[in-house]
């Protein structure tokens with residue numbers, strides 16, 4: 001004979017859901033509580049309280065949560081409203097946004113990182129226009145610059161424009177190197 005279930009008095013934010021080792025979820029997951037991933041999720045993860053990715057855990061999608069602790073792999077963005085911890089075995093390929101972040105030696109990150117109180121706010125601002133470069137292999141793309149009657153010769157305006165593009169290309173190469181930096 002089946003027992004009658006009594007309603008749970010546990011608030012939704014106190015519930016911890018677990019994706020066990022060997023388990024794969026295809027599609028987005030959403031919880032009001034916490035989510036621990038020891039298996040694989042192929043989709044976005046939303047957990048109002050926290051997300052913990054174990055050593056063998058994998059999320060192929062973005063994570064949206066209050067607090068996150070990552071020891072496994074994430075291929076997608078991590079957007080933590082409060083705090084993010086990257087443990088030494090973690091590998092993240094994607095953008096990171098969090099007001100506070102702790103990174104253990106050995107953690108690997110490839111992507112744009114925004115940390116600080118304004119990190120989440122900045123993600124909602126319109127993107128700044130980027131300068132156009134690309135002659136291949138880091139060479140700046142030069143385009144003729146027309147003088148607008150400033151009294152300068154076309155050659156000096158073109159020379160100044162070329163210098164600006166060269167500096168822009170150097171900055172872009174530096175930023176690319178910083179994004180690929182691994183914390184190991």
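The values are calculated or read from the model by the stated rules, or taken from the named source; none is laboratory data. Small disclaimer: the values here were computed from a predicted structure and weren't measured. Cβ: placed from backbone, ideal geometry, glycine included. Neighbour counts: every protein chain shown.
The residues in the range 33-58 that are part of a strand (DSSP E or B) and over 25 Å from residue 10 (Cβ atoms) can be counted, and the count is 3. The residues in the range 30-55 that are surrounded by fewer than 21 Cβ atoms within 10 Å (Cβ to Cβ) and closer than 18 Å to residue 103 by Cα can be counted, and the count is 3.
Considering 33, 20, the condition of being over 30 Å from residue 116 (Cβ atoms) and without any contact (Cβ under 8 Å) to a residue 24 or more places away in the chain is satisfied by 20 alone. Set side by side, the residues 66, 102 differ, and just one is surrounded by fewer than 17 Cβ atoms within 10 Å (Cβ to Cβ), within 19 Å of residue 28 (Cβ to Cβ) and in the same structural domain as residue 38 (by TED's automatic domain parsing), which is 66.
What about residue 48, is it out of contact with any strand residue (DSSP E or B) (no Cβ under 8 Å at 6 or more places or on another chain) and assigned by TED's automatic domain parsing to the domain that holds residue 117? Judged against the criteria, residue 48 is not a match.
Quick check on my filter: what residues within the range 77-86 are free of Cβ contacts under 8 Å to residues at least 40 places away in the same chain and crowded, with 19+ Cβ neighbours inside 10 Å? Listed by number, the residues that qualify are 77, 78, 80, 84, 85.
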